[in-house]
Structure formats: structure tokens, C-alpha cells
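Presented below is the structure to which this report refers.
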Amino acid sequence: MSLPTASPGPVVIALVLLAAVLHASWNAIAHAVPDRLVGFAMIGLVDLVGGAVLAVFGGPLPERAWPFVIASAALHVVYNLLLLASYQLGDFSQAYPLARRRGWSRWPRSSCSAGRCRSSS
């Protein structure tokens with residue numbers, strides 16, 4: 001017996017490809033712009049425009065969502081400031097892989113500490 005498989009629609013594929021292009025663009029800007037502050041400002045401007053488009057076409061958010069939106073935005077600003085500082089203090093080729101790998105290395109520990117980790121034995 002074979003299980004049915006879901007095929008992603010063209011919109012999903014287009015969004016995934018757009019995300020890949022945006023990430024590659026971010027990486028190219030981060031490598032190419034000698035002034036890291038200018039590079040981060042350019043990326044932030046693109047984030048702002050994208051968020052504005054989503055806000056206009058996505059409709060209003062429920063009132064109870066706003067604390068999460070504000071907390072997420074604040075954490076993102078802190079993360080970007082710390083990332084900018086690390087890129088200014090260290091060599092980009094060393095800081096970038098460490099910054100990108102750090103979040104994934106904490107994920108298994110945080111899920112295990114929350115009691116959701118199960119032993120396979």
C-alpha cells in the first residue's frame with residue numbers, strides 16, 4: 001500500500017525559490033558592501049518594504065497577535081545589531097559560518113530541556 005503524496009503547488013514553489021533568491025542576495029550584499037552598516041541598512045530597507053507590502057495586502061492582524069509581532073521585531077533588531085557587531089569585529093569568513101550555525105546547534109538542547117526530547121533506547 002502506498003501513501004498519497006502531496007505535491008506543492010506553483011505558488012509554494014515560487015515562494016521557496018523567491019526565499020532562496022532573497023537569501024542569496026543578502027549573502028551577496030553582505031560580502032560585497034565594504035561598509036557593513038550600509039549593507040545592513042540596505043537589507044533592513046528591503047525587509048521594511050516587504051513588511052509594508054504584506055501589511056497592506058495581508059489585512060489587519062488580530063489584536064492578540066501584536067505582542068508577538070513586537071517581541072519578534074525586537075529580537076530581530078537585537079540579533080541584527082549583534083550580527084553587525086560580530087561582522088565589524090571579526091573576519092566575515094569566520095563570523096558568518098559561526099553566526100549561521102549557532103541557532104541550529106541550540107535547537108536540540110532547547111527542545112530536550114523543554115521535556116520534548118525522547119531517548120531512542
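What follows draws every value from the coordinates through simple rules; no lab data is involved. Keep in mind the model is a prediction, meaning the values are calculated, not measured. We place every Cβ from the backbone using ideal geometry, glycine too, and count neighbours over all the protein chains shown.
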Extended-chain gain in nm, criterion 0.36 nm per residue less alpha-carbon gap, Ile70 and Leu22: 15.0 nm
Val53-Thr5 FRET efficiency (beta carbon distance; Förster radius 35 Å; 0.05 resolution): 0.60
Cut-off 19 Å, label 7 Å out along Cα→Cβ of Val46, residues of the range 7-38 by amide N: 14-38
